[in-house]
Amino acid sequence: MSFDKVMNSMLNSLREEESFSKLVSSLERLLVHWHDPVRLLVMGEFKSGKSTLINTLLRDKVLVSGAVPTTAIATYLRFGEKDTYIEVVYETGIIEQLTVDQLTRLTSERDREGKQLREKIHHINLYIPNPILKNIVLIDTPGLNSPFAHHDIQAFEAYKEADDSLWIFKYRNVGKQSEINVLKDLKDDGLHPIGVVNMIDESNDDDIKPYLNYEFEKLSGRVRKLIGVSAIEAQDAYNNNDLELLDLSGFPQLLSIIEEVKTDKHSLKKKRFEQSFMKFWSQLNESLEEFIVSDKYLNSIQQIKNDLQDVKKENGIIKKRLTEEESQMKDNNQKIQSNFSKTVYLNDWAKKEDFINLVEAIPELEEWKAFNESYNDLLKASKRLKLDTMEYEHNILNEFGEKIGFSKLLSTPKIVLVKYRFQQRELLNTEKELNKQIKNINKIHAHLLNKKNYIIEKITEYYRNLLIENESTILKKIESENAKLKDANLLSKKLLEDQLRKWDFLLDLQQSMIQVNQYVHNASIIAAFANELPHLKQEQLVEKEIASLNEEINSSPKKDSHEIDIKIQVEIPNELKLLDEVPIYFIHNIRPLVGASAIALVASAFILLKNPISNFASAGKDVLSNENPVDDYYEVSNDEVYHEIYDEVPEEVYQALEQLPGDGREYIGYIDIDNGEIPIYQSPARGYEDTNYLLSPYTSWGVFSETDLYYEIQEDYWVKKEDVEHLFIANLQEYIQYDTAGMATIYPKDNINNEEILVYERANDESSKLGYLGDTEYLVSAFTENGWLKIGENAWVFYDEQSITLDQWSLHNNLSTNINYEPIIRTEDTTSSFIPVFAENNRESAVIGYLENISNVDIYQLPTSKWASIGTNAWIEVDKFLDIDWSFVPEEYGEPIGTLTVDTNALNVRELDYQESNLLGILPKGTIVNVYEVSNSTGWYRIGTQGWVSEDPDYSTFTKYYEAFPTGESVIGLAEVLVDLHVRQNDHTEAESQGILKKGTIVEVYEISSETGWYRIGYDAWISNNGKVVTYEDYEWSEY
């Protein structure tokens, strides 16, 4: 059956019962929505130019506009085939067709005669033969925040039936708080508007884009895009056929957006229709609620209830008799079951009262007790080692700081370093000893695991025998009652079902709704009917009751069938893992002490070696040596060198050219000679003359400087850039300062050509290119937020996971450790696959790495809604990268001492009673919550089992409950408050309130004011004598 037929069937069912008549018009409008093309709502505050903009779009003045609020009724502009006319759709569903000249009288606030008629109108359809309206319905709404309150009501009713929307802003007046609030409500309701700034002709700027970008950022996602238009300029452009002015007006872009809305690429119409259908479904439920409390319905099902009650009474008599028979068995078995029902861990069995009896039956249980003691001792020892390790790490941080350089180590007294080495050795020995014990306990653990099933089987058998013995005496008595009870239930079921057949029309409605559910999947039709219609609930209750009783009969223990299902669980603690608690990072950073003296020796050797090389070169020998100095140097005379460069070169020359050491300067990179010989040039001042030398194939050479055409590979020895492939960056570790802490390492992936990874002088691709990343690891000393990695002094690469492997060991250490040992307060989903991590909770702090391709993160601290701590000195931005629901519902906790009303737009709820504690959620304006405690230290209010809010009166209003205490005075009467009532310091309403007496409280009265008649219920404590809020009785004294 088609959707239309199903909906019409449902409509006919509703028409059969008068109680559902008010739903008929709603369902009829819903059907119209189904057949309509996409509905585009034009909405905004009054005087923003909505009607003028629509008139300009249609190039026809069909809507009234002006300086005062004019549009009073939502107007649906539809495509008409012929003449222009209007349809008035009344709240009752009646439709009246009128001529278009009646539109002003009905829709304009200027026409006061139509005011009474407008109150009965739901909306007006305006049919216009305009091609723009093909495949779309434009909805013109009254402007918000106008002097007429009913305008807002009309506008909000219209947006409930729209599929998409345009929000019209006024130029230089974008993003008022009143607009922000409505835009948020629209987005929450599934309507994310396109923003249109009208009247941009008032701007003096040639380029309006910066202004639009600024306003779009300020709106913070409340519109999905923002464009600027001028309806006035567009009108002039259309009138004068001025295409340039039309382009300046922004209207071509607006028309393009409307065409895109017509295509409904994102199925907005389907989503909005489903929402409208669910709202109708809610209205139907409300009507059903009214129907099921009507006399007509209740009287009809009362007899069914009475009959069912009789069945229950009969069942109760039989069940009572069975219960009496079973009670003795339950008493006998209760103690046995309670002994093992909550026993899970192996050490709990040793504490049981019948453990001695169990051990006699199962001797292996003695082993478990001994294992548990050893296991707990090892856990305590491992915790002590962890604490000692933390103290050791803390001491090293205090002594050396986070960055341990050679200069720091060399200036540290030897006795201090020896002390830490000794402590390190002790920690390692302790760890080693504990690991031995862990291996031994794990052997016992494995042994117990092998016996676990055997032990469980033995314990189960032990208790089953006890239970069977107790049950055997009652089985025969229960069996004799089963047949009678089952026959009685089947007969009762038949009688009750016969009485329920009179409500078939509701079942027909149900069937129609089930078919509708095939089209609108969000409506849970069957469940709604089952839960809301009493006679269906009664039918299900009958079915459930009879089925339950019969199931109980069928599942009752049979005679001589002693099958008892006992499930006993015994958990053995997890196998202990070998320890790794000693901070290897800090131990390794002390080891340079061992090599400190070696550094000095190497430096001396270098100085000694440098002088012979310099002397050798100054003697006029034409020798070039490679980057690794060798023992022998080859001397080449002019007679041994061929002056034709590409002729064969003697072996001695090759040897000489393969020995090219540095000359004391730092490399800027290196070049590879892949194949063929490369000529060398000399003396740039003389135009780079040939030197008769060639670079050997398959060798690498250091580069000290470069010009536009040449690389310098030795002092005054050069090669042409065109002769080599490219320059690789030198070992960039030499660029890094000794006291710079590394944070990560990178290296090119195996399948990537090195020349694909450029190195730049600064963290942007517009800076100078230094060369290409070499085929080695580089230490990363800094990150930028947008993916740049610092691998040397003035050396940066852009991180691309497709070509670079990034090992963020520093970040991983931060995320896996928690110095302050805070618990995980929540785990939240991420919204991005690439998230920069900051060292502190502000954007001025350093980026310490990136989170890549993770779906959620653990959070340790959440001081604000902007930043979240995910590890030690590791913070990410919440609003950009996490999807957090900030709604907060307090849990009740004891008796409240008062109530708190939120007066600000959003009130933060924190974990503890101070500003810096973790943020748990946000309470919106107008929320009223109970208060259970006031902090003695900060004055903050506790609003549940956890959750504190500020005491600042600018944010909220606290109303304390008044607690009356006897004063010892003579009681003259008793007063009962009928509503929550203020207790005031004096006998009038202007006096200061001391708190609230809760509804239903009865208090003693000590005095009645002679002036106002108020009642005094304590010292300086008065309540009103108004009979609508308080009842009073004189106190009657009894004499004994």
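Of all residues in segment 981-994, at least one satisfies being at pLDDT below 90, surrounded by fewer than 19 Cβ atoms within 10 Å (Cβ to Cβ) and small (Gly, Ala, Ser). Ile455 - would you say it is surrounded by 15 or more Cβ atoms within 10 Å (Cβ to Cβ) and in a helix (DSSP H, G or I)? The answer is yes for Ile455.
The single condition from (1) of a type in the set (Asp, Glu); (2) assigned to a helix (DSSP H, G or I); (3) farther than 30 Å from Lys790 by Cβ that Asp879 fails is (3). Are any of the residues in segment 36-51 crowded, with 21+ Cβ neighbours inside 10 Å, polar (S, T, N, Q), assigned to a loop (DSSP other than H, G, I, E, B) and in the same structural domain as His122 (by TED's automatic domain parsing)? For segment 36-51, residues crowded, with 21+ Cβ neighbours inside 10 Å, polar (S, T, N, Q), assigned to a loop (DSSP other than H, G, I, E, B) and in the same structural domain as His122 (by TED's automatic domain parsing): present. For first residues located in segment 420-438 and surrounded by 13 or more Cβ atoms within 10 Å (Cβ to Cβ), partners that are aromatic (Phe, Trp, Tyr) and assigned to a helix (DSSP H, G or I) and lie 6+ apart or on another chain with Cβ distances below 9 Å form the pairs Tyr420/Tyr392; Tyr420/Phe586; Gln423/Tyr392; Gln424/Tyr392; Gln424/Phe586; Leu427/Tyr392.
Please work out which residue is modelled with the highest pLDDT, limiting yourself to segment 18-27 and to residues that are in contact with a Leu (Cβ under 8 Å, 6 or more places away or on another chain) and surrounded by fewer than 16 Cβ atoms within 10 Å (Cβ to Cβ).
Of all residues in segment 18-27, those in contact with a Leu (Cβ under 8 Å, 6 or more places away or on another chain) come to 20-21, 23-24, 27.
In the following step, the residues that additionally are surrounded by fewer than 16 Cβ atoms within 10 Å (Cβ to Cβ) were identified as 21, 24.
Working: Ser21: 79, Val24: 85.
Here the answer is Val24.
Within segment 402-421, the set of residues being at pLDDT 75 or above and either closer than 30 Å to Lys452 by Cβ or outside any helix (DSSP H, G or I) (or both) comprises Pro413 only.
Kindly state which strands (runs of 3 or more DSSP E) lie completely within segment 749-844 and contain at least 2 residues that are more than 15 Å from Asn873 (Cα to Cα), among the charged types (D, E, K, R) and touching a residue at least 40 places away in the same chain (Cβ under 8 Å).
So the answer is 826-830.
Determine if segment 232-239 includes at least one residue that is in a loop (DSSP other than H, G, I, E, B) and touching a helix residue (DSSP H, G or I) at 6+ places or on another chain (Cβ under 7 Å). The answer is no; no qualifying residue exists. Just need a number here: residues in segment 940-987 that are closer than 30 Å to Tyr1015 by Cβ and part of a loop (DSSP other than H, G, I, E, B). Of the residues in that region, 18 qualify.
From the list Glu373, Glu393, Glu399, Glu326, the lone residue that is modelled with pLDDT of 70 or more, in the same structural domain as Leu491 (by TED's automatic domain parsing) and part of a helix (DSSP H, G or I) is Glu326.
For the criterion of being modelled with pLDDT of 80 or more, surrounded by fewer than 21 Cβ atoms within 10 Å (Cβ to Cβ), not hydrophobic (A, V, I, L, M, F, W, C) and not assigned by TED's automatic domain parsing to the domain that holds Leu254, Arg15 passes.
When the residues of segment 187-211 are narrowed to those that are within 30 Å of Lys925 (Cβ to Cβ) and free of Cβ contacts under 8 Å to residues at least 40 places away in the same chain, which ends up surrounded by the fewest Cβ atoms within 10 Å (Cβ to Cβ)?
Here is the first cut: in segment 187-211, the ones within 30 Å of Lys925 (Cβ to Cβ) are 187-198.
Among the residues that remain, those that are also free of Cβ contacts under 8 Å to residues at least 40 places away in the same chain are: 187-188, 192, 195, 197.
Working: Lys187: 15, Asp188: 9, His192: 18, Gly195: 25, Val197: 26.
Restricting to residues being within 30 Å of Lys925 (Cβ to Cβ) and free of Cβ contacts under 8 Å to residues at least 40 places away in the same chain, the top hit is Asp188.
Looking only at segment 901-913, decide whether some residue is small (Gly, Ala, Ser) and assigned to a loop (DSSP other than H, G, I, E, B). Checked against the condition, which is being small (Gly, Ala, Ser) and assigned to a loop (DSSP other than H, G, I, E, B), segment 901-913 yields no hits at all. Of the numbered criteria (1) in contact with a helix residue (DSSP H, G or I) (Cβ under 7 Å, 6 or more places away or on another chain); (2) modelled with pLDDT under 80; (3) at positive phi, the one Asn285 fails is (3).
Condition test on Tyr962, is it closer than 26 Å to Trp1022 by Cβ, among the aromatic types (Phe, Trp, Tyr) and either out of contact with any His (no Cβ under 6 Å at 6 or more places or on another chain) or not assigned by TED's automatic domain parsing to the domain that holds Thr1001 (or both)?
Details: closer than 26 Å to Trp1022 by Cβ: yes; among the aromatic types (Phe, Trp, Tyr): yes; either out of contact with any His (no Cβ under 6 Å at 6 or more places or on another chain) or not assigned by TED's automatic domain parsing to the domain that holds Thr1001 (or both): yes.
Answer is yes for this residue.
Each residue in segment 212-248 was checked for being surrounded by 12 or more Cβ atoms within 10 Å (Cβ to Cβ), more than 20 Å from Thr52 (Cβ to Cβ) and among the polar types (S, T, N, Q), and 1 of them qualify.
Out of the residues in segment 908-918 meeting the condition of being more than 19 Å from the chain's Cα centre (by Cα), surrounded by 14 or more Cβ atoms within 10 Å (Cβ to Cβ) and not polar (S, T, N, Q), tell me which one is nearest to Ser937 (Cα to Cα). Looking at the filtered set, the residue picked out is Asp913. Of all the numbered requirements in (1) surrounded by 19 or more Cβ atoms within 10 Å (Cβ to Cβ); (2) aliphatic (A, V, I, L, M); (3) under 18 Å from the mean Cα position of the chain (by Cα), Ile854 misses one, and that requirement is (1).
If we scan segment 78-99, do we find a residue that is hydroxyl-bearing (Ser, Thr, Tyr), surrounded by 18 or more Cβ atoms within 10 Å (Cβ to Cβ), in contact with a Ser or Thr (Cβ under 7 Å, 6 or more places away or on another chain) and under 30 Å from Gln511 (Cβ atoms)?
No, segment 78-99 contains no residue that is hydroxyl-bearing (Ser, Thr, Tyr), surrounded by 18 or more Cβ atoms within 10 Å (Cβ to Cβ), in contact with a Ser or Thr (Cβ under 7 Å, 6 or more places away or on another chain) and under 30 Å from Gln511 (Cβ atoms).
A single member of Asp565, Asp560 is modelled with pLDDT under 70, loosely packed, with under 15 Cβ neighbours inside 10 Å, touching a helix residue (DSSP H, G or I) at 6+ places or on another chain (Cβ under 8 Å) and not in a helix (DSSP H, G or I), and it is Asp560. The set of residues from segment 860-872 being surrounded by 19 or more Cβ atoms within 10 Å (Cβ to Cβ) and either free of Cβ contacts under 8 Å to residues at least 12 places away in the same chain or part of a loop (DSSP other than H, G, I, E, B) (or both) comprises Tyr860, Leu862.
The values are calculated or read from the model by the stated rules, or taken from the named source; none is laboratory data. These figures come from a predicted structure and were not determined experimentally. Please note: Cβ atoms are built from the backbone with ideal geometry, for glycine as well, and neighbour counts cover all protein chains shown.
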